[in-house]
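I have placed the structure first, in the form of structure tokens, so that the comments after it can refer back to it.
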């Protein structure tokens, strides 16, 4: 099996300069860990806990930023899509379109995403069993597009809490599609801060280690130079300064376990 | 407090004749139980478990059926909406627009629904705590529309299972908005039949009794003349033949508990 | 079906005078609501969250208090047992022996309890499905004692939380044994106060109403004249002052629903 | 940190010959993987799902078998205790006494175990949060015995299911006590086979890898030469033939991650 692919970037896109600054650091960290990488950013946070949360740059500006990053760094780029009508424009720029977890059963969105021919990363709904993700994949595959990834990002566990079930990785891998572990959203505490979502940044590496030891095709890690002041998902983003060391440790585990 | 309002109809709209046949029986049962009623039907099942599931009549035909039922029976009608762009046309016909549980955090959908000025029934996501529904309501209310209902329909409980927490009714009622109990989807077993969703029809009345005893402004019950052969949600729909007796028992509990 | 039987008393026995004071008030409230009642008290809290929690009077003094209450009030009495060796002495005094939820699979305890010939109230473990309680009952029944009650008291729901599943009542009733709803422990928040267990007293009546509407043979309610200063389970005990009104409301629902 | 200690043996002790046969194979596998090992066996399965399940050799014979294994192999031995009165005799033979998960809050059992001076392995209840295990440890420590281990073995996740939360390992390690991961009971499906407990043997290594990558002081693995015909926990025991290869892979991950 190939080394894990890193999918990294800020939760919410802030500006081209900000994206460029993070991409430089992610590129250096990924290169030092000898892992391929994809730049990830969201131009629209469409399901913030509360209306007061910032939503982002919007599609037009956002796709421009992503195309610039792609051009400058030569890296693939990923963004998430929330409506069928957004898939075609996002697919013109992005190498990977991501289906948000809440939307993983919305047939029209899955079909529209699939029809772009781009790779599609489907996040497993917090309400879904891993063995049921095959039905989401089938919807995309029905468009003739089998470039599908299935992503574990935590499952509802009582109120305001998620739990990561690592059996989900081999179970979803039985579909034959590569499996992604999202180490950022797996440590979310939904609604844990009243009008916004809390998180447990201190467990990002813990869960990522588990995922790599079990076997994962890709790791999804959101990162920021100042998570505590980031516009969204700050409590669960990894400080960019920590990324190089974390990636190297994870790469060592990955190299070992993929060879076992 | 007023008697509970019944929201009833088939899960999936099949035809005008079929809707009319059910509406007649629902009207008779609601009248006999002395409860107001709303006709409910979905013209598009946008998040079927699998692609093979039938999706329904589509928006144009569906809204025509609903407007006919409304005209013939003089009853309010409800349907669910899945994309912001569908809210305005659905709002021209429907008295109540319903936000599906998976979509209860999609800001654009909540805003577009709110802007129709129609009453909005927001289903609580299976992944959401009842105290977090206030943020969904706030999104709708930000449009100046405070005709909001909050609906309990079960919470994720391990894989392929839901549980109904009856504390959710008084907790959501603290918002000041009326609370609805959906006795049909609360007995769903998501993914419980492989490519489709299972259900426990035998507990519809059990859970509805609990809701009425605790106090609910409305009951949501899907019903069909032949649930085992219905195009969707058959395992958890109540046979229409049982509706009159169930409604009467529930009305007696409602009359008692609202007077306590 | 017969009216619900009330099982009530303090969580932890404090003294004969205290037990007598509560028993008088419980007797009056039960009589006013026209329900039979059982006095309940624990002489040993054997599984406190922390070692600092008070454990109680001990078996000898405790059984003396219970026998006095029984003699003075002519009521049946219930206590919980934690080791096989305690069943015989407790069974000499008590009409009902209760198996704590954590211990509902301890075969020796169930057998020793069954062998007393007394009625046995088995609490469903927080970790157990309602359909699995038949195996606990079978252990007791194997002693030739079929005077068994099965008691719902909440199920683990993430960390530090319980949820009450009202489907459990009809499911456990399929065994043919009477089902009890414990409205006190169902509102516990295990570990919710660090070294002790929290609770949501405000939902005792909410959940008890649901249980009575669904159908329950007995209600278990712990009560105290000053719950906030009680030695255990204060956060979820009902103030004794509230008991008469609560019981009357519940009796009205019970009378109605048992006649439906 | 030291290499993980292996705790292995059959779920249920069958005979001295059987124990010896397994101990030989475990010794060889542990030695080949360069890990210290402890022989584990239960002489009394005190909480079988159903009364029909076999309970084992009993204390007297069981302790004899354990003392023979200890003498012949020079290894430490572990057994589980279910009543306070069993701790002293079990403590005369065993190096480690284990508190079953269901009993992790039974104060008298924890105290009696602590008083033996032996190391105490406390399994985390399926109903308990990892941060609440400190209270169980404190009960043992109050006896002056701080040779305590805290063991993750899965948490209730809906009905008939467990989930392993790997955040629990670092959280419990904050107590300063070594943490054990029980890879056998973490793949149990409680009640999953009607009157007995099911399991997912295929995930033993998956979860053990995750535990070792996250960091664990010990691994608990039940094993048998013919799990499908073992008297208990067959569905989740690892075939002894697979143990050498599994241990070696886990040892390599352990060597790497303990050095990171």
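The values are calculated or read from the model by the stated rules, or taken from the named source; none is laboratory data. Owing to the predicted nature of the structure, the values given are computational and were not obtained by experimental measurement. Every residue, glycine among them, receives a Cβ derived from its backbone with ideal geometry; neighbour counts consider all protein chains shown.
Listed here are the residues, each with its yes/no results for (1) more than 17 Å from the chain's Cα centre (by Cα); (2) modelled with pLDDT of 95 or more; (3) outside any loop (DSSP other than H, G, I, E, B).
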position	(1), (2), (3)
C:30	no, yes, yes
C:38	no, yes, yes
C:47	no, no, no
C:52	yes, no, no
C:55	yes, no, no
C:62	no, yes, yes
C:67	yes, yes, yes
C:88	yes, yes, yes
Search result, residues across region C:184-204 that are within 17 Å of residue C:165 (Cα to Cα), crowded, with 19+ Cβ neighbours inside 10 Å and more than 9 Å from every other protein chain (Cβ to nearest Cβ): C:184, C:185, C:186, C:188, C:204
Filter result (more than 14 Å from chain C (Cβ to nearest Cβ), at negative phi and without any contact (Cβ under 8 Å) to a residue 60 or more places away in the chain) within region D:74-95: D:75, D:76, D:77, D:79, D:88, D:89, D:90, D:91, D:92, D:93, D:94, D:95
Those residues of region A:96-111 which are within 14 Å of another protein chain (Cβ to nearest Cβ) and either at pLDDT below 95 or in contact with a helix residue (DSSP H, G or I) (Cβ under 8 Å, 6 or more places away or on another chain) (or both), in sequence order: A:99, A:101, A:102, A:103, A:104, A:105, A:106, A:107, A:108, A:109, A:110, A:111
Residue match in region B:149-156 (condition: at the interface with another protein chain (Cβ under 8 Å from one of its Cβ atoms) and either under 23 Å from residue B:222 (Cβ atoms) or out of contact with any strand residue (DSSP E or B) (no Cβ under 8 Å at 6 or more places or on another chain) (or both)): yes
Matching residues in region A:33-57 - criterion: being farther than 14 Å from residue A:231 by Cα and within 14 Å of another protein chain (Cβ to nearest Cβ): A:33
Residue that is farthest from the other protein chains (Cβ to nearest Cβ) [pool: residues in region A:205-260 that are over 26 Å from residue D:207 (Cα atoms) and out of contact with any helix residue (DSSP H, G or I) (no Cβ under 9 Å at 6 or more places or on another chain)]: A:229
Those residues of region C:207-223 which are buried (at least 24 other Cβ atoms within 10 Å of the Cβ) and more than 14 Å from residue C:151 (Cβ to Cβ), in sequence order: C:209, C:210, C:212, C:213, C:214, C:223
Residue within region C:143-155 that is surrounded by fewer than 24 Cβ atoms within 10 Å (Cβ to Cβ), part of a helix (DSSP H, G or I) and in contact with a helix residue (DSSP H, G or I) (Cβ under 7 Å, 6 or more places away or on another chain) present: no
Yes/no for residue B:190 being touching a residue at least 60 places away in the same chain (Cβ under 8 Å), closer than 24 Å to residue B:50 by Cβ and touching a strand residue (DSSP E or B) at 6+ places or on another chain (Cβ under 8 Å): yes
Condition broken by residue D:74, with the remaining ones in (1) in contact with a strand residue (DSSP E or B) (Cβ under 6 Å, 6 or more places away or on another chain); (2) closer than 29 Å to residue D:31 by Cβ satisfied: (1)
Matching residues in region C:163-183 - criterion: being within 9 Å of another protein chain (Cβ to nearest Cβ) and assigned to a strand (DSSP E or B): C:163
Candidate set: region B:112-135, residues that are within 26 Å of residue A:156 (Cβ to Cβ) and out of contact with any helix residue (DSSP H, G or I) (no Cβ under 7 Å at 6 or more places or on another chain); chosen: the one farthest from the other protein chains (Cβ to nearest Cβ): B:121
Sole residue being over 17 Å from the mean Cα position of the chain (by Cα), surrounded by fewer than 24 Cβ atoms within 10 Å (Cβ to Cβ) and free of Cβ contacts under 8 Å to residues at least 40 places away in the same chain, chosen from D:111, D:128: D:111
Any hit, region C:33-51, residues being more than 30 Å from residue D:136 (Cβ to Cβ) and surrounded by fewer than 17 Cβ atoms within 10 Å (Cβ to Cβ): yes
The one condition in (1) more than 8 Å from chain D (Cβ to nearest Cβ); (2) assigned to a helix (DSSP H, G or I); (3) under 30 Å from residue D:196 (Cα atoms) that residue C:138 fails to fulfil: (1)
